[in-house]
Amino acid sequence: LSGTFRAAVFGANDGLVSNLALVMGIGATGVDARIVLFSGIAGLLAGALSMGAGEFVSVRSQRELLEATEPNNFGDDVLPDLDLDQNELALIYRARGLGDAEATARARLVIETARTADRAVPYRRPPEGADTHEVVGSAFSAALSSFLFFASGAIIPVLPWLFGLQGLAAVLVALALVGVALLGTGAAVGLLSGAPPLRRGLRQLGIGFGAAAVTYVLGLLFGVAGI
């Protein structure tokens, strides 16, 4: 999966599960419906910003790491100044699995290239303006996708309270809406990955409802204890 698509899929799932667990836990304590609503919105914003920032740093760092490992003009410039020993280089190639003759020939070729190559023209240079790490995706696109899809997932559990429902009715409607969304996202990932969509959808549903059940029980305990 590309960085942008991965951020979109997992951002939506994280938003669904985390905010459902949040509003279930808070709602179970018996607080006013407005507190549940405001808590859900705060969880949406905090989670979306955190996901977007984390995805930007992750993809950006991955691209920088890949760029740092590519051949470049600086490496070509300093190659003749390296203290290369043919025997040591041959040992490295032998450690990688080459035979004695092939390792010696490869080491001799590298040494000779380093000594005689014309450094006026770079040894390797990617096409001008080419994105050699397109599969990783853009850091900004991944961050924006993660933010938007987390928010789109996190708003679903809040909708019942947003439209004025309270108590058990709001909880049941939130569970139904999130259940349908989790089945849909799980099935979509299953189709794209070649796995059985129903199994993936049910797995997502079980994980999401499991997390919500834990926080709901904790909310009931805190509400009874008056915490």
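Do we have Val180 as part of a helix (DSSP H, G or I), free of Cβ contacts under 8 Å to residues at least 12 places away in the same chain and over 22 Å from the mean Cα position of the chain (by Cα) here?
Here the answer is yes, as Val180 does meet what is asked.
Given the structure, is Leu205 free of Cβ contacts under 8 Å to residues at least 60 places away in the same chain, more than 18 Å from Ala42 (Cβ to Cβ) and surrounded by 12 or more Cβ atoms within 10 Å (Cβ to Cβ)? Before you say what the answer is, go through the steps one by one.
Numbers: free of Cβ contacts under 8 Å to residues at least 60 places away in the same chain: yes; more than 18 Å from Ala42 (Cβ to Cβ): yes; surrounded by 12 or more Cβ atoms within 10 Å (Cβ to Cβ): yes.
Yes; evaluated as a whole, the condition is true for this residue.
Given the criterion more than 25 Å from Leu45 (Cβ to Cβ), free of Cβ contacts under 8 Å to residues at least 60 places away in the same chain and not in a helix (DSSP H, G or I), identify the matching residue among Ala195, Ala169.
Ala195
Can you go through Arg115, Arg106, Arg119, Arg125 and tell me which one is under 30 Å from Arg60 (Cβ atoms) and either acidic (Asp, Glu) or at pLDDT below 90 (or both)?
Working: Arg115 fails: under 30 Å from Arg60 (Cβ atoms); Arg106 fails: under 30 Å from Arg60 (Cβ atoms); Arg119 fails: under 30 Å from Arg60 (Cβ atoms).
Selected residue: Arg125, the only one of Arg115, Arg106, Arg119, Arg125 that is under 30 Å from Arg60 (Cβ atoms) and either acidic (Asp, Glu) or at pLDDT below 90 (or both).
Could you grab me the full set of residues in the stretch 134-166 that are among the hydrophobic types (A, V, I, L, M, F, W, C) and not in a helix (DSSP H, G or I)?
Within the stretch 134-166, Ile155, Phe163, Leu165 meet the criteria.
The values are calculated or read from the model by the stated rules, or taken from the named source; none is laboratory data. The model shown is predicted, which means the values in this text are computed figures rather than measured ones. FYI the Cβ positions are ideal-geometry reconstructions off the backbone, even for glycines, and counts take in every protein chain you see.
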